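Structure first, then comments.
Read-outs throughout are calculated quantities, based only on the coordinates presented, and are distinct from any laboratory measurement. Since the model is a prediction, treat every value here as computed from it, not as a measurement. Here the Cβ positions follow ideal geometry from the backbone for every residue, glycine too, while neighbour counts run over all protein chains shown.
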Amino acid sequence: MIHLTSAALFFLAAGILTSVSILSVFQILFGIALTYYTYLAIKNKKTKLPKSAYWLIAFTTVAFISLILNFDLIPKPSKNFGRLKYFLFGFAGIYVMQPWLKLASDRSKKIISTTFLVSIIVTGLVSIYQVYIKGDYRADGLTNIMRYGYGSAMLLLTVLSALFHKQKIKNWFDARIGLVAFIIGFAGLYLTLARGGLLAFLCGLPFVIYFYRAKLGLIFGGVCLIGITGLMAFYLLGKGGYESRFLSTKNNNSDVMRRSQWQAALIAIQEKPVLGWGLSNFHTQVKRIKETNNLESKTYNDAHAHNVFLEIAAGTGLIGLFLFLGWLLTWAWEMLKGPKLIGALVIPFGVAFVVGGQFEVTLDANNSSMIFALYAFSLAWKPMGDKTYDV
């Protein structure tokens, strides 16, 4: 079963930035491993999980109830119910990752991590080709601009942190390939021109440095804060139009559209504040809400809220949002209290997720797979006892 888990993680590493189809292989294989190890945990009465996992279980339950209550309003129920699997992979995935981390060979771990790094390089090179050879204005990698841009902002911080702590993970992390992956991956991220993604990366960067050199991280964080404050002031007060997307002001068409989505989401929450319109079902209400309330960007009406937390609240209500935030905050606390290496790899990622989540719903298939796999991995260091697992 350890080999099956390794195969699942190989397809996860290969597919995060490249293909939803490859990820589907991961989901099938990981689902088998998850079923097996969850059965073992129940059979051996070793089902105890970290506190954050219970918040995630509670959120998943509320999300399921929200879908049942709004079943007649959901165009493709199987798609919405299918999204629940990512949360399941998060909390139950801990049962899978614990024995895997203990019993999988360093060779298997290195193959998986190298596959992941190579996928970053390949996708970055594709992005460079798209802009400098093909002549596209923005790179979209092998998935699309938002999936790739915001996903890269999160994962590149983890890669950079791994480079800083390479001596601790040298048995399964190739730092030379990691450095190439970071450089080319960052070029790809920049070429997406995803402003929210780059801001998320910038906000997470001081935390990477802090876990390596605390004082330097604090100094760098102060410099970043000054720079971000200046950019925000320019964004809010600037009036002119500029070629660079990074010098856009609040009146650009893209942000007018985004704000209209935020407004529509807030109205959707007011209409159904308790359990919402159903997980990932906000998009079915956008057209009606915009027309009824005379909001801007009425033709942009079959889309998410462009904000993770508004999307969660619109779909699962304020109860769902409360539980989702409880999961996120408890996970952050567990990372702060856990091993320094785990915190160094995960906390900058989490900062980028929160910041980037203000501008984009990053819980798509690719990034959800990455987020909840990392969650399971980050908590799998908990003691497992003396149980011997079938390999």
Handout entry: Sequence-distant aspartates and glutamates (8 or more away, or on other chains) whose Cα lies within less than 14 Å of Lys109
Key = Asp174
Exercise for the section: Would you give the gap between the C-alpha center of the range 339-381 and the C-alpha center of the range 137-165, rounded to a whole Å? Expected result: 12 Å
Handout entry: Calculated from backbone phi, Karplus (6.51, -1.76, 1.60) coupling profile of the range 29-41 in Hz, x at Gly/Pro
Key = 5, 5, x, 5, 4, 4, 4, 5, 6, 5, 4, 4, 4
Completion exercise
Matching label for the computed volume of the Cα convex hull per residue in Å³, out of [x] 187; [y] 124; [z] 141, is [z]
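Note down the relative contact order for the range 1-53 as a percent, whole number, built from C-alpha pairs under 8 angstrom at least six residues apart. List each step's numbers first, then the result.
Values: 33 pairs, mean separation 16.6, N = 53.
This gives 31 percent for the range 1-53.
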Exercise for the section: Take the range 288-364, compute every pairwise Cα distance, and split them into 5 Å bins from 0; I just need the percent in each bin. Expected result: 3, 14, 18, 20, 16, 12, 7, 4, 4, 2, 0
Problem - Contour excess over end-to-end distance, with Cα ends at Trp381 and Lys79 and 0.36 nm allotted per residue - result: 105.5 nm
Handout entry: Label point distance in nm, Leu231-Lys166, each placed 7 Å from Cα along Cα→Cβ
Key = 2.7 nm
Handout entry: Cross-link pairs Lys46/Lys168; Lys79/Lys290; Lys51/Lys85; Lys45/Lys168 - those with Cα-Cα distance over 28 Å
Key = Lys46/Lys168; Lys45/Lys168
Problem - Centroid-to-centroid separation of the range 257-306 and the range 32-92 [C-alpha atoms, Å] - result: 26 Å
Practice task
Could you work out the longest stretch of the chain that avoids the trypsin sites (Lys or Arg not before Pro) located in DSSP loops with at most 10 other Cβ atoms within 10 Å?
Solution key: 240-391
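Classify the range 51-191: rounded, prolate or oblate, from the alpha-carbon gyration tensor (a ≥ b ≥ c, eigenvalue square roots; a/c under 1.5 rounded; otherwise prolate if a/b is larger than b/c)?
Oblate, because a/c is 1.5 or more while a/b does not exceed b/c.
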Problem - Percentage relative contact order, the range 100-231, counting C-alpha pairs under 8 Å, at least six apart - result: 29 percent
Exercise for the section: Quick one: compute the contact order of the chain, relative version, from alpha carbon pairs under 8 angstrom and 6+ residues apart, as a percent. Expected result: 24 percent
Problem - Simple Cβ-charge dipole of the chain, Lys/Arg +1 and Asp/Glu -1, about Cα centre, in debye nearest 20 - result: 860 debye
Problem - Dipole magnitude of the range 105-183 about its Cα centre (Cβ charges: Lys, Arg +1; Asp, Glu -1), debye to nearest 20 - result: 300 debye
Handout entry: Distance between the range 183-233 and the range 107-122 - C-alpha centres, whole angstrom
Key = 25 Å
